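Remarks on the structure that follows.
No lab work stands behind these numbers, since they all come straight from the coordinates. Being a predicted model, the structure only gives us computed values, none of them experimental. Neighbour counts are summed over all protein chains in view; Cβ atoms, including those assigned to glycine, are modelled from backbone coordinates with ideal geometry.
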Amino acid sequence: MAGEVFRRKKRLGDMLLQEHVITDEQLEEALQIKKDTGKRLGEVLVEKNFTTEEAITRALTRQLGVEMVTLTGMNISEDVLNLVAGQVLRKHMVMPFQVANEGTVLRVAMADPMDMVAIDDISMITGMEVEPYIATSRDIMFAIDKNYGNAEQLDAAEAYTKEREAKMLAGEEEEVDEVGDSPIVVLVRSMIESAARQRASDIHVEALETKVRVRYRIDGALYEQITYDIGLLPAIIARLKIIGGMDISEKRKPQDGRISMVVDRVEYDIRASILPTYYGEKCVMRLAMKTALTRNKKDLGFSDDEMRVFDHILANPHGIILVTGPTGSGKSTTLYTALSELNREDVNIITVEDPVEANINGINQVHVNVKAGLTFASALRSILRQDPDIIMIGEIRDGETAQIAVQASITGHLVVSTLHTNSSAATIARLMDMGVESYMIADSVVGVIAQRLVRRLCTKCKRQRLMTDEEKQVLNIPKDAGDVPVFEPVGCPNCNKGYKGRIGVYEIMEVSHDLKQIIARNGSSDEIKVQAMKDGMRTLRMSAAEYVKEGITTVPEMLRVSFEE
C-alpha cells in the first residue's frame, strides 16, 4: 500500500526533470499540449521529439524501482491471455505476462506504472493483485497485436456478417460504413496497424474462391496472416477505396490510391493498388514510413572499403551516379541516403519522382503527373532552368529521359538515378540500348551501385553446422579446407522462420580511366565486369558470400540474390 501511495505522489514530469531527460521549457510546452489534446504526457514528449520511449522507460525504472521487461519474443501462456480482453488492454496500454505467488499475483507490463485506474481495473477483472513492470508502449502494443490481433479481426468480421444479415432480413440496402467504430472500419484499421507493427512492407488482400486471404510481406517473404469469408471482400475493398480516395462504384478497372495513417506515433504513407481478378478485386498496399527512407549511411550495410568508394563517388561535382536492382531491393533508401548526405545550404537539389516517396527538408521534390503532361522528360527540361546543382531522377525509364540525364551531367550537374538491371556492368549496356552514345556514357557515368537485400539470420535462434562440399564450391572454398562452420535458420517467437531484418548487399563499380576507354569503344558487359574487378570491384556474389561466412545470412539467401553469376 505504501508503494501505491509513493507512486501516486510522484509525477512523470518531475521524475523526467530529475533524471535530466527533458528541460523545464519542454515540460511546460508538453503539459500545455496535453491539456489541449487530452493525450498522455509521455506520448506528447515523444511526438515532439523531446525524448524517446526508451529514455522515459529507463528514467521511470530508476525513479520508481519498478523492473523493466521486454515482451518481444516472450511466450505468454494461454491461461494468462484468457484473463483480460484485448480491448481492455489496449485502452490502458498494459499487457499481463505472468502469474506468480500461486495464482494470487498478476505481473503486468505497463507503459505508465503509476496509472492507478489501469491497476485497479485489471485487479477487479482478474481478482488478483497486480504487480506492475515497465515496458515501452511500442513493445506492449506489438504484444497485444501478436496475441489478440487475429481474434479481434475475426470478431469484427463476425460482427459485420451479423449486421449484414440483420439488414438483409429487414430489407435494408447495404451501405458503405463510414462510422469510426463500425466492424469493417475496425477490421481494416487493425489489419494495417498489425502489418506496421510486424515491419511488413506490403499487405495483400486476395480474393480466392471461397475466402479472402490476407498476407503480409515481411523481410521480402510473404506470410499468410488470416482468412475471412469471401462475403466480406466487397466491404473490405469498398473501405480501402474510401480511405484511398478511389471510386467505389468502379469495379472493373484497376485503381491506385494513397492512404496516410499514424500507427504508434509513426506516420505511414501507404500506396494502395486495386486490381480486378477472377474471384473479385485484389488490393495490395505498400507501407512506407515517412522517415524510414532517410537513414544514416552507416546503417546501409556497406563494408569499410565499400563506404570509401561510395564516399568517393558522391564527392564528384558532376556526372551520373546510378543505383540498380529489382523492385524492393532498397534502391530508394540508398538514393535518399545519398541525397541527405549531399543536402547542404549552399546546394540546390531538385528531384523528379513518381511518386515522391519521402519528404526531405531543404530539397525541392517534383511529382510526375503524366495526365497533366508532366513526364520525367518534360519535368527534367524545366528543372534544368531552375539552376540545380544536383538532380535526382526517380527512375530512368526511356531513351528520352536517359539522353537528358546524360546531357545534364555533362553540362556540370550531378545526376543520381535508378535503373532496373541485374548488375553494374549490365547497366552500361542498358543505357546503350536506350540509344545513348557510348562516348557520352563514358564521359558522364561516374559510378554504378548494384544492390540487393538479403535476410538476416535471427541472432537468438540461428544454429551452427558444417558446410557441405557443394556449399564450399559455391563459396569458392577449397574442398580440402577442412571443417568450415555455417549457420542455418531455426525459428523462434522473436523472428519469422529464422530470419529477422535485412541487410544490403552491394556491387559498387567506380568508373576508372580504363573503364571509360572500354565503354567508349562499345565494350561488352563481360569486358566491363573483368576490368571493374581488376579495379577492385566486388560482385554481389562475393559480398553476399562474406555475409554467409560471418554468420549474418545463409547460402540459399546468397544464391537468391546472385543467381545469375
Mean separation of Cα contacts under 8 Å (at least 6 apart) over the residue count of the chain, i.e. the relative contact order in percent, is 9 percent
Unpartnered cysteines - no second Cys beta carbon under 4.7 Å - across the chain: CYS283
Put +1 on the Cβ of each Lys and Arg and -1 on the Cβ of each Asp and Glu in the chain; which of ALA221, THR104, VAL366 then has its Cα farthest toward the positive end of the dipole? ALA221
Given the candidates LEU380, PRO326, TYR279, the one whose Cα lies deepest towards the positive end of the charge dipole of region 245-391, counting +1 at each Lys or Arg C-beta and -1 at each Asp or Glu C-beta, is TYR279
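Kindly rank 225-236, 45-56, 187-198 from highest to lowest mean number of other beta carbons found within 10 Å of each residue. Write out the running numbers ahead of the final one.
Working: 225-236: 19.0, 45-56: 17.3, 187-198: 21.2.
Ranking, from highest mean packing down: 187-198, 225-236, 45-56.
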Hey, if you put +1 on the Cβ of every Lys and Arg and -1 on every Asp and Glu Cβ in the chain, which of MET467, SER444, ALA315 ends up farthest toward the positive end of that dipole? MET467
Integer Hz, Karplus 6.51/-1.76/1.60 couplings in order for region 524-534, x for Gly and Pro: 6, 4, 5, 4, 4, 5, 4, 5, 4, 5, 4
Nearest-ten-degree value, helix 116-126 long axis tilted from longest Cα axis of the chain: 70 degrees
Calculated from the structure, percent of Cα pairs over 44 Å apart equals which of (i) 30; (ii) 19; (iii) 35? (i)
Per residue and in cubic angstrom, what volume does the convex hull of the Cα atoms of region 279-437 have? 152 Å³
The FRET efficiency for LYS460 and THR327, from their Cβ-Cβ distance with R0 = 35 Å and rounded to 0.05, is 0.70
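What is region 191-271 by shape, rounded, prolate or oblate, if you read a ≥ b ≥ c off the alpha carbon gyration tensor as root eigenvalues and call it rounded for a/c under 1.5, prolate for a/b larger than b/c, and oblate otherwise?
Numbers: a/c = 1.96, a/b = 1.16, b/c = 1.68.
Oblate, because a/c is 1.5 or more while a/b does not exceed b/c.
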Check: the chain dipole with +1 on Lys, Arg Cβ and -1 on Asp, Glu Cβ, in debye: 500 debye
Which whole-Hz couplings ³J(HN,Hα) result when phi for each residue of region 30-42 is put into the Karplus expression 6.51 cos²θ - 1.76 cosθ + 1.60, θ = phi - 60°, listed in order with x for Gly and Pro? 5, 5, 5, 5, 4, 5, 6, 9, x, 6, 5, 4, x
Principal-axis tilt of helix 137-169 within the chain, Cα atoms, nearest 10 degrees: 80 degrees
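Roughly how many debye, to the nearest 20, is the charge dipole of region 232-383 about its Cα centre, given +1 on each Lys and Arg Cβ, -1 on each Asp and Glu Cβ, and no other charges? Working shown, then result.
On the way: 19 positive and 18 negative charges, 145 e Å.
Approximately 700 debye in magnitude.
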Straight-line reach from LYS48: which lysines have Cα under 27 Å away, leaving out those fewer than 8 places along the same chain? LYS9, LYS10, LYS34, LYS35, LYS39, LYS91, LYS290, LYS297, LYS298
How many angstrom lie between the Cα centre of region 395-432 and the Cα centre of region 242-293? 30 Å
Cleavage-rule hits, trypsin sites (Lys or Arg not before Pro), region 283-350, DSSP coil, Cβ neighbours within 10 Å at most 13: ARG344
Relative to the chain, whose Cα atoms define the longest principal axis, helix 304-314 and its Cα axis are tilted in degrees, nearest 10, by 70 degrees
For region 28-45 and region 53-80, distance of Cα centres in Å: 23 Å
